[in-house]
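Structure first, then comments.
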Amino acid sequence: MHNLKVMEAAFYQSECDQPHPGRARAIIKAHPEVRQLMVRNPWTALIAVSIVVLQTAIACGMGTLGFSYWWLSLLLAFCIGAFANHANYVIIHDATHNLIFRSPSWNKMVAVIADLPNLTPGAMGFRVYHLKHHSHQGDYEWDADLANHWEARLVGNKWYRKAIWLMLFPFFQVTRPPRLKAVKMWDRWFSINLACAIVYDIAIVYFFGWAGFLYLVFAFLFSIGLHPVGARWIQEHYTYDFDQETFSYYGPINRLALNMGYHNEHHDLSSIPWNNLPKLRAIAPEFYGNLKYHSSWSRLVLQFIFDKRYSLYSRVERMKQNDRPQATRETANGEIDNLDLSARPIRF
């Protein structure tokens with residue numbers, strides 16, 4: 001078992017390159033038919049619009065009922081709104097990878113529309129730093145998915161601090177991009193994202209009142225916070241067993257989360273849309289059958305909060321290239337030395 005004090009002091013330092021590019025090459029070599037999965041899915045845009053209509057309709061209903069039904073807003077946000085908003089986060093994610101339409105501008109517009117019920121303009125900022133997460137996974141200066149050092153030290157591994165951190169996750173997340181290198185967040189599309197969010201928020205308050213707005217606030221907080229779908233942020237790359245740094249989730253909520261749990265598959269071949277990720281695992285079972293994975297997001301939330309082996313430092317940080325031994329670097333023929341594509345078959 002790893003020393004808890006070491007885990008609390010810093011991220012786990014890895015001398016190896018991230019496993020996904022090497023595994024992707026191996027999968028394509030063994031199963032060239034996976035290229036047929038690399039398509040765009042324009043129907044995803046219809047799902048996004050439908051979710052926006054659903055969330056707006058519920059906000060309308062709660063606005064009609066008024067503040068005295070705040071408890072119903074809370075219940076509906078937990079049982080419906082969180083799943084709806086999270087599904088649109090997945091659509092924003094696919095739009096970031098241009099997996100909906102061929103035109104990047106059309107993908108950006110879908111992301112802006114999907115972002116409306118979230119009340120805050122996050123889609124275009126996500127587009128910038130998420131792509132850096134793929135290309136620089138585990139690099140503190142490029143990957144906003146790693147917590148800030150002050151953030152990790154503040155939270156530690158106290159259960160109540162981890163619960164508060166998860167509940168307020170979107171607020172902590174916006175503090176990370178400013179530390180990244182050469183990342184420009186503000187551009188024309190960011191301005192469009194901001195303007196659309198402001199207009200939508202004003203329209204909700206004007207037509208449905210603050211009671212309708214309150215429902216969307218609850219849904220936003222649950223969708224990426226203290227809720228089973230909030231476990232996604234833990235599932236993807238948090239671990240206290242560092243022989244594997246990316247994890248998938250195979251469970252029933254994937255049906256509502258548009259297969260977001262297939263995270264190893266996504267990192268390996270990010271040009272495959274959400275609907276085809278299970279097919280990738282089915283085509284190449286030898287590459288995924290022995291990887292550790294999660295089977296319950298609800299259990300993972302509780303495990304993260306109450307298991308002291310978990311802290312915000314329970315992540316792999318990639319050492320700088322000039323600090324790594326030569327043997328672990330990418331070779332001239334494009335292969336990765338010492339690449340282990342399997343791990344112990346343990347279910348979390």
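Note on region 1-86: with charges restricted to the Cβ of Lys and Arg (+1) and Asp and Glu (-1), its dipole about the Cα centre is near 280 debye. Remark on residue 144: its backbone amide H falls under 5 Å from those of 133, a criterion applied only to residues 5 or more positions apart or on other chains, H modelled at 1.01 Å from N. Taking amide H atoms as placed 1.01 Å from N in the peptide plane, the amide H of residue 293 lies under 5 Å from those of 346, 348, each 5 or more residues away in sequence or on another chain.
In region 65-218, a dipole from Cβ-located charges (positive for Lys and Arg, negative for Asp and Glu) runs towards its positive end, and of 195, 185, 121 it is 185 whose Cα lies farthest in that direction. Database remark: amide H of residue 317 closer than 5 angstrom to the amide H of 12, 13, 14 (H placed geometrically; neighbours at sequence offset of 5 or more, or on other chains; Pro and chain starts carry no H). Scanning the chain for GluC sites (Glu not before Pro) that sit in a DSSP loop and have at most 13 other Cβ atoms within 10 Å, the longest stretch containing none of them is 142-334. A full extension of the chain between residue 319 and residue 120 corresponds to an added length of 68.2 nm, given 0.36 nm per residue minus the alpha carbon distance. Exposed loop sites are taken as trypsin sites (Lys or Arg not before Pro) in a DSSP loop (any state but H, G, I, E or B) with at most 10 other beta carbon atoms within 10 Å; the longest stretch of the chain without one runs 185-319. In this structure, the residue pairs whose Cα-Cα separation is over 28 Å, taken from 132/279; 132/308; 181/308; 108/162, are 132/308; 181/308; 108/162.
Seen from every direction in turn and averaged, the convex hull around the alpha carbons of the chain projects onto 17.5 nm². For region 170-181, backbone phi angles converted through the Karplus equation (6.51, -1.76, 1.60; θ = phi - 60°) give residue-by-residue couplings of x, 6, 5, 5, 6, 7, 8, x, x, 7, 6, 7 Hz, Gly and Pro being listed as x. The spacing between region 141-199 and region 82-122, judged by their C-alpha centroids, is 18 Å. The charge dipole of the chain, taken about its Cα centre with unit charges on the Cβ of Lys, Arg, Asp and Glu (plus for the first two, minus for the last two), comes to roughly 280 debye.
Against the empirical 2.2 N^0.38 Å (N residues), region 57-183 has a Cα radius of gyration ratio of 1.24. Computed extension gain for residue 210 through residue 290, at 0.36 nm per residue and net of the alpha carbon distance, reaches 23.8 nm. Screening the chain for whole DSSP H helices of 27 Å or more along their axis (Cα) with average Kyte-Doolittle hydropathy at least 0.5 returns 43-65, 188-223. Legend: calculated FRET efficiency, residue 106 to residue 298, from the Cβ-Cβ distance at R0 = 51 Å, rounded to 0.05, equals 0.90. For region 108-191, chymotrypsin sites (Phe, Trp or Tyr not before Pro) are listed when DSSP marks them as loop and at most 15 other Cβ atoms sit within 10 Å of their Cβ; the list is 186.
Pairwise inverse Cα distances across region 184-290, averaged and inverted, put the Kirkwood hydrodynamic radius at 16.8 Å. Nearest 0.05, what FRET efficiency do residue 242 and residue 72 give at R0 = 45 Å with Cβ-Cβ as r? After rounding, the FRET efficiency stands at 0.50. If a/c stays under 1.5 just call it rounded; otherwise compare a/b with b/c (prolate if a/b is bigger, oblate if not). Do that for region 4-82, with a ≥ b ≥ c from the square roots of the Cα gyration tensor eigenvalues. Since a/c reaches 1.5 but b/c is at least a/b, the shape of region 4-82 is classed as oblate.
Each reported figure results from applying straightforward, stated rules to the coordinates on display, with no laboratory input. Please read all numbers here as calculations on a predicted model, not as lab measurements. Heads up, the Cβs are rebuilt from the backbone with ideal geometry, glycines too, and the neighbour counts pull from every protein chain shown.
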